Amino acid sequence: MATAAQGARPGARTSPRVPRLEGIRALCAFGVLAVHTSFSAGVMGAYDLAPGNEVGAVLLGGVKGIILGPFFVLSGMLLYRPFARWTLTGSARPAIGPFLIKRVARLWPAYALLTVACLLLINYNSIHSVWYVLRPILMLQVYDFTPYAGMDPTWTVPAELQYYIALPLLAAAMHWLARGVAEPERKARRMMIPPVLLTLVGFGWTLYIHQPSMGIFPEQYWWPIAMAGGFALGMAMAVQGVLAEIKPDRKPVLHRWAGAHPNLFWLGGLAIYAINCAQPCGRPGYGDYESLGNAVVQFFLILIFSFLAVMPLTVPEARSRLIDAVLSNPVSRYLGRISFGIYLWHFAIMYFWFRSGSVFGGDPQPLMMLRGTIGFPELMTAVVLGSIAAAALSYHLVERPVLNAVDRWVAKRSAGAATAVAGTADTSGRSRQADDYIKAGPSA
């Protein structure tokens, strides 16, 4: 979340962008895309189906699972950071209304566009009730796991949105726990309690949904609780980041290490990736549902990998030509800007390329049934180019215009709040409530 720059052109998006964070989103989005495409093209194995390319399957299998972690870590860190600053520094509390409105505006329009396209072009023959249409639009399909072809990866979107809704409540709990303590370090220690508990809940949920008695991909697998650990890790990193801001002479040790040796963190992330390639409790190169042992190992690998990948990107003094070359170049930055659309659309593009769905005159076939009927180079090229095109259109025609409109609305409300209290301000010239509202600003 960032405060709008004074004097900016009305209606413009004024939140500064961090090149490295844009780049990491692009990297993760294409990692997810590559795993799914390789599975659909028969590169990775599945249960009794052997890998089509053992080396490629192992390398891509190492990406599976861990690549989702940085998305949730970034969300928890960036969105909680202003709330952490509120608790640790006594600054104004971020305005909850604008925060929630902007979070919905960030996710739902792009998601709704994909939903409508998939309903009309791929799943039209399956529409049998109004609820079949409303369920995905309201993001409720994950709770009874009704599959919608082309929307396969969107189970994480309701999880993101529901953590957005929960974040102000978690922030209030962390603020309450830190009350009555003056020293920022002691406040920070108390604020760590909810993230730790949330991580334990996520770990317990992982144990539950991977019990052998639950079977393969139980309905509860898709519920938001499964991603609690990544979001909690991001919130914890936000606390430590703000602590480093206000105590620059006593920065947390991990901040000092990341600032001095950012490439070592990425080297550690590479080592975690290598361990995941080996699948210590699973089968390398296969996309099977994880066994209990493999799920436990991967739970921790996701958190460690996400921390090592993201941490150097958040420390201002961390200098790395390698990281900048990979993440901060113009191509990576633009792809990161439209990465949400790339993530959303890549499965729909696969269905279109397989010519499977209502628009082609039949019901969509599960990709497991189509697996291996198109070679990996052809399918990967089609999915990459198609996803970028769809994401760019979504971003420029839907996402950015909606966000700009919301920014204008929030700015207008902020100005109205300041005007309304002009005659009844306290001795500082404005009420505390209006001051808090104005300082919150539009979020990134």
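Scan segment 39-53 for residues that are surrounded by fewer than 17 Cβ atoms within 10 Å (Cβ to Cβ) and under 16 Å from V383 (Cβ atoms) and the total you get is 0. Checking T115, T89 one by one, the residue that is surrounded by fewer than 19 Cβ atoms within 10 Å (Cβ to Cβ), among the hydroxyl-bearing types (S, T, Y) and farther than 28 Å from F300 by Cα is T89 and no other.
The criterion of being within 23 Å of L313 (Cβ to Cβ), surrounded by fewer than 15 Cβ atoms within 10 Å (Cβ to Cβ) and out of contact with any strand residue (DSSP E or B) (no Cβ under 9 Å at 6 or more places or on another chain) holds for R256.
Between L264, L270, the distinction of being in contact with a helix residue (DSSP H, G or I) (Cβ under 8 Å, 6 or more places away or on another chain) and hydrophobic (A, V, I, L, M, F, W, C) belongs to L264 only. Taking the criterion of being open to solvent by less than 20 Å² (accessible area, probe 1.4 Å) and more than 23 Å from W205 (Cα to Cα), the residues of segment 269-301 that qualify are G269, C277, G285. Looking only at segment 347-374, residues that are in contact (Cβ under 8 Å) with a residue 12 or more places away in the chain, among the small types (G, A, S) and more than 21 Å from A389 (Cβ to Cβ) come to 3 in all.
Screening Q141 with (1) under 22 Å from A390 (Cα atoms); (2) touching a Ser or Thr at 6+ places or on another chain (Cβ under 9 Å) gives one miss only, at (1). If the condition is being modelled with pLDDT of 95 or more, among the polar types (S, T, N, Q) and open to solvent by less than 60 Å² (accessible area, probe 1.4 Å), then segment 352-392 contributes only S387. Taking residues in segment 217-238 that are more than 30 Å from P316 (Cβ to Cβ), and partners anywhere that are modelled with pLDDT under 90 and β-branched (V, I, T), the pairs with Cβ atoms closer than 9 Å and at least 6 places apart or on different chains are E219/V142; W222/V142; W223/V142; P224/V142.
Here's the yes/no breakdown for (1) out of contact with any Phe, Trp or Tyr (no Cβ under 8 Å at 6 or more places or on another chain); (2) surrounded by fewer than 15 Cβ atoms within 10 Å (Cβ to Cβ):
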{"site": "L197", "(1), (2)": "yes, yes"}
{"site": "F203", "(1), (2)": "no, no"}
{"site": "Q211", "(1), (2)": "yes, yes"}
{"site": "E219", "(1), (2)": "no, yes"}
{"site": "W223", "(1), (2)": "no, no"}
{"site": "G241", "(1), (2)": "yes, no"}
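Among the residues of segment 361-417, just one is more than 27 Å from G287 (Cβ to Cβ) and not in a helix (DSSP H, G or I), namely G361.
Residues in segment 312-333 that are farther than 24 Å from K251 by Cα and without any contact (Cβ under 8 Å) to a residue 24 or more places away in the chain: 3 in all. Every condition in (1) free of Cβ contacts under 8 Å to residues at least 60 places away in the same chain; (2) more than 27 Å from F39 (Cα to Cα) holds for T146 except the one numbered (2). The helices (runs of 4 or more DSSP H) found wholly in segment 223-315 and carrying at least 1 residues that are closer than 26 Å to L170 by Cα occupy 228-246, 253-260, 292-310. Taking the criterion of being assigned to a helix (DSSP H, G or I) and closer than 23 Å to I216 by Cα, the residues of segment 44-60 that qualify are A57, V58, L60. When the residues of segment 315-351 are filtered to those that are open to solvent by 30 Å² or more (accessible area, probe 1.4 Å) and polar (S, T, N, Q), the one that is nearest to Y208 (Cα to Cα) is S328. Of the residues F71, F30, the single one that is under 18 Å from L270 (Cβ atoms), in contact (Cβ under 8 Å) with a residue 24 or more places away in the chain and of a type in the set (F, W, Y) is F30. The condition of being crowded, with 24+ Cβ neighbours inside 10 Å and touching a residue at least 24 places away in the same chain (Cβ under 8 Å) holds for only one of G76, G65, that being G76. Pairs linking a residue in segment 395-406 that is more than 18 Å from A117 (Cα to Cα) to a residue that is in a helix (DSSP H, G or I) and of a type in the set (D, E, K, R), with Cβ atoms under 6 Å and 6 or more positions apart or on different chains, are V406/K102.
The values are calculated or read from the model by the stated rules, or taken from the named source; none is laboratory data. Predicted, not measured: the structure shown is a model, and the values here were computed from it. Cβ: placed from backbone, ideal geometry, glycine included. Neighbour counts: every protein chain shown. Heads up: the accessible areas ignore ligands, DNA and RNA and are worked out on the full protein's heavy atoms, side chains in. Shrake-Rupley method; radii C 1.70, N 1.55, O 1.52, S 1.80 Å.
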